[in-house]
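Structure first, commentary second.
Each value in this text was obtained by applying a stated rule to the coordinates, not by laboratory testing. The shown structure was predicted, so the numbers you read here are calculated from the model rather than taken from an experiment. Note that we place each Cβ from the backbone using ideal geometry, even for glycine, and neighbour counts take in every protein chain shown.
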Amino acid sequence: MNKLLLLPLAGTLALAAPARAQAPEKTDAAALAKIKDEGLNRSQVMETAFYLTDVCGPRLAGSEGLARANAYTKKQLTQFGLVNANIEPWGDFGRGWDIDKSYVALTKPYYHAMIGVPKAWTPGTPGALRKAVVYVNAKEEADLAKYQGQLRDKIVLLPVAAPLQPNFEPDAKRLSADELQKLADATAGGLPTAANRPADVPDAARLAARKAQLALRAKLNDLLITEGAAAVLSAGRGTDGTVFTTNGAPYAADAKPVLPELEMSGEDQLRLIRLVEAGIPVEVEMETRTHFQTQDLKGYNVVAEIPGTDKKLKSEVVMLGGHLDSWHAATGATDNAAGCAVMMEAVRILKATGLKPRRTIRIALWGEEEEGLYGSRNYVKNHFADPATMQLKPDHEKLAAYFNLDNGAGKIRGIYAQGNEAVKPIFTAWLAPFAELGATTVTLRNTGSTDHVAFDAVGLPGFQFIQDGLDYFARTHHSNQDTYDRLVADDLKQASVIVASFVYDAAMRDQKLPRKPLPAPTPPRVP
């Protein structure tokens, strides 16, 4: 899940069309019983998750791991019985990047292995390095001058943003009854509640500080290259050996050169800093091997379908999806193999039960989400409408709904109606059979930073489910802890059944889901 794009929807974008009087929503109890039986008693969701994580490995945008996952999911969806499976290019992305080797250890004043992860899109070292360490603590551009002449052939150590503190709260939490009630009572619009967003959602002040920090880092990079430094050790966010990873260079094919850089655990980084500041000579041994993929600069989505059976409605489409790409420090289990495995299991359930949806059901597993929702945004632009102009394509009218899953590996507790008041009673009826499984809440609140936003931006009914956060933002999101072992099988089974039911209900109802008014065009922001 990309967390840099979480912005409130304002004005008419957050206002739903007035709800009209509706007949009671019809559901098919027999079909639901089949879905529950298949999904809870013969689930394959954990097997799919195993292949996406342990077998395919990390799935950074444009990487060989993502290419393996694209090939696996296309093949698996075909084996499930879906048709028209395709790895569909959405447009130009940039360089792929993979790690071939990574090692770092303290070697003076004593030996100790350390935790470090290469920053994405950074180069490797020219073989194994064993170098002295110099600490660079520049708080503003003027501070850089004092390091001139001190950095050649050194491993540069950067500061830790904040001291590590004991954590007296559990990492994993489920949404409480009170938190769910507040979501249910919320009016349309606004950001997600604190229960379902990370503590680091940017506000204006923090965005300004971040912009200044990035500008200073760019100046530092220039100095390091000019002065001939050997490599960089920077502190990743996280404690207890957890490292939340980022990129150390752009993925653009013409990106400026940078040094090899490892993002270190806070504990290891702080130990190195204390030793250097005490005047004790410090030496670090490290080797990273990385390589870039420049032959194919395109990004891809994986799509497949269950054809509709109703003569009048089969040209209409119900979509479901999640993003297939991940970060590289682990195998991207909770972000977002879990969501993809659930969506794949949902369509497997529908095929295995023999149910015959009236509308076509299309699954999409998005690429390059982590860099800016690129896979879904460009799919929407290519197939439905460009939000910059709001010129609608013919298929815009044919989309009945899009359902997304990308808030970790917790069970579904409800759904965000995304300010669409007319769908609230529909979703309430669809959720009613799942009260015993803990899913009861429909909120008018918006939520952002997941691929449903691409659909909502052009007036299409796109929705993200409410999930228990578990330890997603505290421990696994973009970190070296995001592995298969963080998945909870019963939660993913529950989610698969609910998604399958929602998709089937949307495919069977007489009308498409109600839509909000079309938004005004939103030209791209000038940087």
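Per-residue Karplus couplings for the stretch 91-106, computed as 6.51 cos²θ - 1.76 cosθ + 1.60 with θ equal to phi - 60°, are listed in order as x, 7, 10, x, 6, x, 7, 9, 9, 9, 7, 8, 8, 8, 8, 6 Hz, Gly and Pro entered as x. Report, for the chain, the % of DSSP beta bridges that are antiparallel, rounded to 5. Once the DSSP bridges in the chain are tallied, antiparallel ones form about 60 percent. The convex hull defined by the C-alpha atoms of the stretch 22-125 has an orientation-averaged projected area of 13.3 nm².
For the stretch 338-451, the Kirkwood estimate of hydrodynamic radius, built from reciprocal distances between every pair of different alpha carbons, is 16.1 Å.
Whole-Hz Karplus values for the stretch 165-170 come out as 10, x, 10, 9, 10, x Hz, taken residue by residue from phi with 6.51 cos²θ - 1.76 cosθ + 1.60 and θ = phi - 60°; glycine and proline positions read x.
What value does the stretch 29-70 have for Rg/Rh, both radii from Cα atoms and Rh as Kirkwood defines it?
Details: Rg = 15.1 Å, Rh = 12.0 Å.
Computed over Cα atoms, the ratio is 1.26.
With a cut-off of 16 Å on the backbone N, the residues of the stretch 125-144 near the modelled label site 7 Å out from Asp153 along Cα-Cβ are 126-134. Extending 7 Å from Cα along the Cβ direction at Ile87 and again at Asp185 yields two label points whose distance is 5.1 nm. The convex hull of the Cα atoms of the stretch 435-495, projected and averaged over all directions, covers 5.4 nm². Ranked from largest, the principal axis spans of the Cα set of the stretch 270-422 equal 78, 37, 36 Å.
Could you work out the relative contact order of the chain? I mean the mean sequence separation of Cα pairs under 8 Å and 6+ apart, divided by the number of residues, in percent. Mind dumping the intermediate values first?
Values: 1203 pairs, mean separation 138.5, N = 527.
Taking the mean separation of contacting Cα pairs over the length of the chain, I get 26 percent.
Please give the residues of the stretch 108-132, grouped as numeric ranges, whose backbone N is less than 18 Å from a label point set 7 Å along the Cα-to-Cβ vector of Glu267. Only 110-117 fall inside the zone, counting backbone N under 18 Å. Each Lys and Arg contributes +1 and each Asp and Glu -1, all at the Cβ; summed about the Cα centre of the stretch 150-299, the dipole is approximately 440 debye. Along the axis of the charge dipole computed for the chain (Cβ charges of +1 for Lys and Arg, -1 for Asp and Glu, origin at the Cα centre), the listed residues Thr245, Val232, Leu470 are led at the positive end by Leu470.
Given that compact globular proteins tend to follow 2.2 N^0.38 Å, what is the ratio of the alpha-carbon Rg of the stretch 391-510 to that value? Display every interim value, and only then the final one.
On the way: Rg = 15.1 Å, N = 120, 2.2 N^0.38 = 13.6 Å.
The value comes to 1.11.
The modelled label-to-label distance for the pair Asp296/Glu397, using points 7 Å beyond Cα in the direction of Cβ, is 3.6 nm. Once the Cα atoms of helix 374-383 and of the chain are each reduced to a long axis, what angle between those two axes, in degrees from 0 to 90 to the nearest 10, is obtained? In the chain, helix 374-383 runs at an angle near 40 degrees to the longest axis. Measuring how big the stretch 459-521 is from its alpha-carbon positions, Rg and Dmax come out at 16.6, 46 Å. Consider a paramagnetic label point 7 Å from the Cα of Arg289 along Cα→Cβ; state which residues of the stretch 240-260 have an amide N under 19 Å from it. Output list for this probe position: 260.
Per the Debye formula with a single identical scatterer at each Cα and no solvent contribution, what log10 I(q)/I(0) holds for the stretch 215-336 at q = 0.19 Å⁻¹? Log10 of I(q)/I(0), two decimals: -1.30. In the stretch 236-286 the Cα-Cα distances spread across 5 Å bins starting at 0 as 4, 17, 19, 19, 19, 12, 7, 3, 1 percent of all pairs. Projected onto its three principal axes, the C-alpha set of the stretch 259-328 covers 79, 30, 13 Å, listed from the longest axis down.
With 22 Å as the limit on Cα-Cα distance, the pairs of Lys311/Lys516; Lys74/Lys351; Lys311/Lys398 that go past it are Lys311/Lys516. Dividing the summed helix terms, -39500 (n - 2.57) for each DSSP H run of n ≥ 4, by the number of residues in the chain produces a 222 nm estimate of -8000 deg cm²/dmol to the nearest 500.
Extension gain for Asp310 to Asp54 (0.36 nm times residue separation, less C-alpha to C-alpha distance): 88.2 nm. Taking the centroid of alpha carbons for each part, the stretch 33-81 and the stretch 131-158 are 46 Å apart.
Rounded to the nearest 10 degrees, the angle from helix 489-508 to the longest Cα principal axis of the chain is 40 degrees. With respect to the chain, whose longest principal axis is taken over its alpha-carbon atoms, helix 204-227 is tilted by about 40°.
Legend: P(r) of the chain from all alpha carbon pair distances, 10 Å bins from 0, whole percents, reading 4, 18, 28, 25, 14, 8, 3, 0. If the chain linking Arg217 and Gln79 were pulled fully straight, counting 0.36 nm for each residue of separation and taking away their Cα-Cα distance, it would gain 44.8 nm.
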